[in-house]
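Below is one structure, written out as structure tokens, with a few remarks after it.
The values are calculated or read from the model by the stated rules, or taken from the named source; none is laboratory data. None of these values were measured; they are calculated from a predicted model. Heads up, the Cβs are rebuilt from the backbone with ideal geometry, glycines too, and the neighbour counts pull from every protein chain shown.
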Amino acid sequence: MRRRVLPALLALTVLVLLADLAGAPLGPVRGIGDAVLGPVERLVAPRADETDRVRADNVRLAEEVRRLRDRERTSDQVAELDTGELPSVTARVVALDRAGTSGPERITLDVGRRDGVRTDSAVVAPDGLVGRVVSVGEWSADVSVIGSPGSGVGVRTGAKGVIGTLSGSDPTTAHRADELVISQLTRDRVRAGDAVTTLGSPGSRPYPPGIAVGEVTRVERAPGRLTDTAVVRPAVDLATIDVVAVVTGPGRTSGRTP
């Protein structure tokens, strides 16, 4: 077909040029052009429409694949969430607020009072502790993340369970903005590589015991002090946080049985 069309187009072009040079009317030439090019246009047009349709289908299928992968990733994250025996509700991070030097100090979740969320509820990601709920609306909740100002967390460190308080800063210890610190640790009881977990709060509010918080990267002792300070790498990367669990049920409200 191509071998027939190209000579016809070439001949038509030459005919138009000759007619124009001779001053002849172009009406008959246009008629010939329509007769020659009409079948070509009818042949090419359906192919162009088919190409557009295929492209649209490819875009639609690519979007469907993206949605399925996102749903699968969310399902995997939900399966990894662990709040022990405490009831919880799954939520998604929908906003990052009040960014500090080390990242966001607050995040907003897509669950609220109607989902059973209350203030001082712990928020947990697949990798560990995120923070605690500080305000609740009907359909959303704000969370203060660990390391933000005023968000001290009681923790245990290492196999011996050395007790300390984790915070976002310590004026006596140099550390990166994205690192946390544990102050007032018993000397020589903590070392780099030790795991840090929550100590637990009365009634598990805000924090149930045993939730991963991070890992000690180094231990420092300020001159003249009788205690150590541990620098901790957080277990949760707030830059990639997506799906979380919010503890909604009460914990233990009475003393342990002897």
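Can GLU105 be described as closer than 22 Å to GLY154 by Cβ and modelled with pLDDT of 60 or more?
It is true that GLU105 is closer than 22 Å to GLY154 by Cβ and modelled with pLDDT of 60 or more.
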Within the range 189-212, the count of residues that are in contact (Cβ under 8 Å) with a residue 60 or more places away in the chain and touching a Pro at 6+ places or on another chain (Cβ under 7 Å) comes to 1
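Please work out if THR173 is outside any strand (DSSP E or B) and polar (S, T, N, Q).
Taking the combined requirement at face value, the residue satisfies it.
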Here the residues within the range 110-164 that are among the hydroxyl-bearing types (Ser, Thr, Tyr), farther than 18 Å from VAL244 by Cα and crowded, with 24+ Cβ neighbours inside 10 Å are THR157
Only unsatisfied item for LEU226, checking (1) exposed (fewer than 13 other Cβ atoms within 10 Å of the Cβ); (2) modelled with pLDDT of 85 or more, is (2)
Flagged pairs (Cβ under 8 angstrom, 6 or more apart or on separate chains; first in the range 163-188, modelled with pLDDT of 90 or more; second of a type in the set (Asp, Glu)) are VAL181/ASP170
When the range 190-203 is checked residue by residue, the ones that are modelled with pLDDT of 90 or more and part of a loop (DSSP other than H, G, I, E, B) are VAL190, ARG191, ALA192, GLY193, ASP194, LEU199
Considering the range 200-215, residues that are among the aliphatic types (A, V, I, L, M) and surrounded by 21 or more Cβ atoms within 10 Å (Cβ to Cβ), and then whichever is nearest to ALA122 (Cα to Cα), we arrive at ILE211
Selection from the range 165-193 of residues surrounded by 21 or more Cβ atoms within 10 Å (Cβ to Cβ), within 31 Å of the chain's Cα centre (by Cα) and not β-branched (Val, Ile, Thr) yields LEU166, GLY168, LEU180
Note on PRO149: of the conditions (1) within 25 Å of the chain's Cα centre (by Cα); (2) outside any loop (DSSP other than H, G, I, E, B), unmet is (2)
